[in-house]
Amino acid sequence: LIKQNALKLYEKVLGEYPTYERNDEVLFYLGYNEYEAGNKDKAVSNYWTLIKQFPESRLVPDAYLQLGEHFFSANDVNKARKALERALATKTEKVYNYALYKLAWCDYNVQEYAVGIQQLKEVIDRSEKATDTKSVQLKAEALGDLARFFSYVDEVQTAFDYFKAKGGEEIAFTYSTKLG
């Protein structure tokens with residue numbers, strides 16, 4: 001009920017106040033809440049409207065990221081890749097690393113493992129320089145996923161050496177056992 005009321009309020013703001021200076025935010029949160037409510041087509045439409053009407057908005061990178069997530073979940077790797085590459089192109093720090101992480105998975109899904117490995121390594125390197133909790137979590141996630149990518153390129157020693165450099169022998173053994 002609360003979500004439905006929020007959706008109605010967002011739509012009312014857009015309809016009655018088309019020149020409201022924060023309509024980019026209204027569109028983003030309308031898209032987000034529509035998606036959460038299961039109205040994926042409406043959500044996608046709101047994200048595209050935000051991008052087209054407010055190309056300079058600070059929320060455009062987030063909108064591209066949300067679109068990338070949507071298309072990835074829908075198994076449309078090409079559209080996901082395009083949206084994620086656009087998110088990357090904005091050079092917005094808070095979305096860059098996650099967009100790169102998801103791009104690695106796009107590459108995994110089209111069996112471009114070597115490219116995905118390079119992207120995950122960049123995610124890990126960038127995460128090591130950050131101090132926020134999300135970056136630390138993303139690094140751990142990327143390290144675990146990297147073992148899966150390495151298993152497809154038959155580079156066991158390269159993988160072991162990389163994991164060892166990133167966390168020591170114990171970490172290297174832990175992740176290397178995932179290669180089998």
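The values are calculated or read from the model by the stated rules, or taken from the named source; none is laboratory data. Because the structure is predicted, anything quoted here is derived from the model rather than measured. Please note: Cβ atoms are built from the backbone with ideal geometry, for glycine as well, and neighbour counts cover all protein chains shown. Each accessible area value is taken on the protein alone, full model and side chains, heavy atoms only, with ligands, DNA and RNA left out. Shrake-Rupley method; radii C 1.70, N 1.55, O 1.52, S 1.80 Å.
Would you tally the residues in the range 13-28 being closer than 22 Å to TYR96 by Cα and surrounded by fewer than 18 Cβ atoms within 10 Å (Cβ to Cβ)?
Residues flagged as closer than 22 Å to TYR96 by Cα and surrounded by fewer than 18 Cβ atoms within 10 Å (Cβ to Cβ) within the range 13-28 amount to 1.
Can you tell me which residue among GLU21, GLU11 is free of Cβ contacts under 8 Å to residues at least 60 places away in the same chain, assigned to a helix (DSSP H, G or I) and either within 21 Å of PHE72 (Cβ to Cβ) or not aromatic (Phe, Trp, Tyr) (or both)?
When all the criteria are applied, what remains is GLU11.
Just name the residue that is most open to solvent (accessible area, probe 1.4 Å) out of those in the range 54-69 that are within 19 Å of the chain's Cα centre (by Cα) and more than 18 Å from LYS82 (Cβ to Cβ).
Selected residue: ARG58.
Given the criteria in a helix (DSSP H, G or I), at pLDDT 90 or above, within 16 Å of TYR96 (Cβ to Cβ) and of a type in the set (Val, Ile, Thr), does ILE117 qualify?
no
Give all pairs with beta carbons closer than 6 Å in which a residue from the range 117-130 that is free of Cβ contacts under 8 Å to residues at least 12 places away in the same chain and basic (Lys, Arg) meets a residue that is outside any helix (DSSP H, G or I) and exposed (fewer than 15 other Cβ atoms within 10 Å of the Cβ); count only pairs at least 6 apart in sequence or on separate chains.
none
Please go through the range 39-53 and give me each residue that is crowded, with 18+ Cβ neighbours inside 10 Å and touching a residue at least 24 places away in the same chain (Cβ under 8 Å), ordered by number.
ALA43, VAL44, LEU50 - these are the residues of the range 39-53 that are crowded, with 18+ Cβ neighbours inside 10 Å and touching a residue at least 24 places away in the same chain (Cβ under 8 Å).
Mind counting the residues in the range 81-91 that are open to solvent by 20 Å² or more (accessible area, probe 1.4 Å) and under 20 Å from GLU141 (Cβ atoms)?
So the count comes out to 2.
Read through the list (1) under 16 Å from the mean Cα position of the chain (by Cα); (2) not in a helix (DSSP H, G or I), then give the number of the only condition that VAL123 fails.
For VAL123, the failing item is (2).
Being within 13 Å of the chain's Cα centre (by Cα) and surrounded by fewer than 15 Cβ atoms within 10 Å (Cβ to Cβ) narrows it down to one of LYS102, LYS129, LYS134, so name that one.
LYS134
Output yes when any residue across the range 147-159 is under 19 Å from the mean Cα position of the chain (by Cα), assigned to a helix (DSSP H, G or I), surrounded by 15 or more Cβ atoms within 10 Å (Cβ to Cβ) and free of Cβ contacts under 8 Å to residues at least 40 places away in the same chain, and no when none is.
No, that holds for no residue.
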